[in-house]
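Trainee: Sharing a structure, written as structure tokens. Questions coming.
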Amino acid sequence: MEYEEILLVKASWYYYMEGLTQQEIGEYLGIPRLRVNRLLDKARKNGVIQFSVRSADSSRMHAERSLIHRFHLKDAFVVPAAFGSADVNENVAQGAAMYVNDHLEHTSFINMGYGDTPSRVLNHLANMTETPINVVSLTGGVNYYLPNTKSDIFNAKLYLTPAPLIVSNPTIVDVLMKEQSISQVINMASLAQMSIVGIGALNENATIIKNGSLTRNDFLLLQMKGAVGDILCHFIDENGDLIPNDLEQRLISTSLDQLKGFANTVGVAAGADKAKAILAALRGGYLNTLITDETTAQLVLELAGNETPEDGSGENI
């Protein structure tokens, strides 16, 4: 073995295996630090140093890159299966809260959608942040945005829409939307740095079924019309197109067109039963970032097959 190659191996071992700095290696080998730097660079190029990623992590990274590429996302975060709690929604909510906390400027405002998973994200985020976060609701239904019983700390200032999520008559919507307290919140939402939304599936576990806002018969009718899921209580088909229905006229909720106009929309959802709804949301171009779990990410990619959205899809963005 030639002396240069011996130096390559030594420098690489001391740097990567023993954690020495380039300066310390230079002093130990009696060579300038700059030469150590060149040796390490040459070792990488010549294959003396070879990097490998654990198979589980590699699978997650591949799923993230595939989601970003196929749907023109800005980012994707696939939460490890073993992360945190055994509850997949809790896992993803914890991961999403950490993601948002890392990406959020704490003087800024974030929008929050309704639903079980976004509510968990909000509670985790308000518990971990060092400075109070400013949260704007994207829908009516104040209860969705309040601290849960598990929150010992809730470090958030809430700007809520003082109205129900669903009202009995379209005329009431027109009246409420003219109220200053509601219009102010709507205007704030358009200026927020980030928006967090859940993606619902049409099954009995849906938040909107559990809280009695809609019935199973309502869901059955929506399914017959082609709905596969909802965003902010707007029901969409497999291509992400809005399903015309009477409920639309009775909603106190940010519209899907408004959602597309926001600067950075993060979809948070998990579970095999939500895979079709997540794919529909991606096809519709409503999300900039997707946060989900490994199993769901793989199901979404399998359902998508080899499809690639047209240019601009996913890019509201």
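Trainee: Could you pull out the residue among ARG70, ARG60 that is assigned by TED's automatic domain parsing to the domain that holds GLU294, modelled with pLDDT of 90 or more, crowded, with 18+ Cβ neighbours inside 10 Å and basic (Lys, Arg)?
Mentor: The unique qualifying residue is ARG70.
Trainee: So which residues in segment 141-182 are of a type in the set (D, E, K, R), outside any loop (DSSP other than H, G, I, E, B) and over 23 Å from the mean Cα position of the chain (by Cα), if there are any at all?
Mentor: ASP174
Trainee: Which residues, counting only those in segment 223-252, are more than 19 Å from GLU204 (Cβ to Cβ), in contact with an Asp or Glu (Cβ under 8 Å, 6 or more places away or on another chain) and of a type in the set (Gly, Ala, Ser)?
Mentor: GLY226
Trainee: Output the number of the condition that ALA263 fails; it satisfies all remaining conditions of (1) closer than 19 Å to LEU222 by Cβ; (2) of a type outside the set (Phe, Trp, Tyr); (3) surrounded by fewer than 24 Cβ atoms within 10 Å (Cβ to Cβ).
Mentor: If we test ALA263 against (1) closer than 19 Å to LEU222 by Cβ; (2) of a type outside the set (Phe, Trp, Tyr); (3) surrounded by fewer than 24 Cβ atoms within 10 Å (Cβ to Cβ), just (1) comes out false.
Trainee: Filter segment 216-239 down to residues that are buried (at least 16 other Cβ atoms within 10 Å of the Cβ), in a loop (DSSP other than H, G, I, E, B) and on the phi < 0 side of the Ramachandran plot, then give me how many there are.
Mentor: 4
Trainee: Now for a different question. Could you please let me know if VAL185 is closer than 22 Å to ALA269 by Cα and not in a loop (DSSP other than H, G, I, E, B)?
Mentor: Spelling it out, it is not the case that VAL185 is closer than 22 Å to ALA269 by Cα and not in a loop (DSSP other than H, G, I, E, B).
Trainee: Check segment 255-263 and report whether any residue there is in the same structural domain as HIS72 (by TED's automatic domain parsing), within 19 Å of GLY115 (Cα to Cα) and touching a helix residue (DSSP H, G or I) at 6+ places or on another chain (Cβ under 7 Å).
Mentor: Looking through segment 255-263, none of the residues is in the same structural domain as HIS72 (by TED's automatic domain parsing), within 19 Å of GLY115 (Cα to Cα) and touching a helix residue (DSSP H, G or I) at 6+ places or on another chain (Cβ under 7 Å).
Trainee: Could you look through segment 147-180, keep only residues that are modelled with pLDDT under 85 and exposed (fewer than 12 other Cβ atoms within 10 Å of the Cβ), and pick out the one that is nearest to GLY113 (Cα to Cα)?
Mentor: Restricting to residues being modelled with pLDDT under 85 and exposed (fewer than 12 other Cβ atoms within 10 Å of the Cβ), the top hit is ASN148.
Trainee: Which pairs do you get when a residue that is within 16 Å of ALA277 (Cα to Cα), found in segment 211-225, comes within reach of a residue that is part of a helix (DSSP H, G or I) and β-branched (Val, Ile, Thr), reach meaning Cβ atoms under 8 angstrom, with the pair 6+ apart or on two chains?
Mentor: Qualifying pairs under 8 Å: PHE219/ILE209.
Trainee: What residue, of ASN245, ASN211, is in the same structural domain as LYS178 (by TED's automatic domain parsing), over 16 Å from THR139 (Cβ atoms) and surrounded by 13 or more Cβ atoms within 10 Å (Cβ to Cβ)?
Mentor: Within the list ASN245, ASN211, the selection yields ASN245.
The values are calculated or read from the model by the stated rules, or taken from the named source; none is laboratory data. What you see is a predicted model; the values in this text were computed from it and never measured. FYI the Cβ positions are ideal-geometry reconstructions off the backbone, even for glycines, and counts take in every protein chain you see.
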